[in-house]
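The structure appears below as structure tokens.
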């Protein structure tokens, strides 16, 4: 009977650790997506800015 309690406690801590890892992973993925989106917006902004500068110089 004591052995069973030990297994139960172990499985509970494993689940808690797993959920913490899951949360960290989700946060990490979220941050990555935000960074990627920002980089895309910045590159688009820079490309458009360069094109506008080139166009105004040519005109």
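In nm, what is the difference between 0.36 nm times the number of residues separating residue 42 and residue 17 and their Cα-Cα distance?
Extra length available between residue 42 and residue 17 comes to 5.3 nm.
Grab the alpha carbons of the chain, take their convex hull, and tell me the volume per residue in Å³.
Normalising the Cα hull of the chain by residue number yields 29 Å³.
Relative to the first principal axis of the alpha-carbon coordinates of the chain, what is the inclination of helix 2-58, with its axis defined by its Cα atoms, in degrees from 0 to 90 and to the nearest 10?
Value to nearest ten degrees: 0.
Can you compute the helix-only [θ] at 222 nm over the chain? Use -39500 (n - 2.57) per DSSP H run of at least 4 residues, normalise by all residues, nearest 500 deg cm²/dmol.
So the helix-based figure for the chain works out to -36500 deg cm²/dmol.
Only the coordinates and a few stated rules stand behind these numbers; no lab work does. All figures in this text were calculated on a predicted structure; none of them were measured in a lab.
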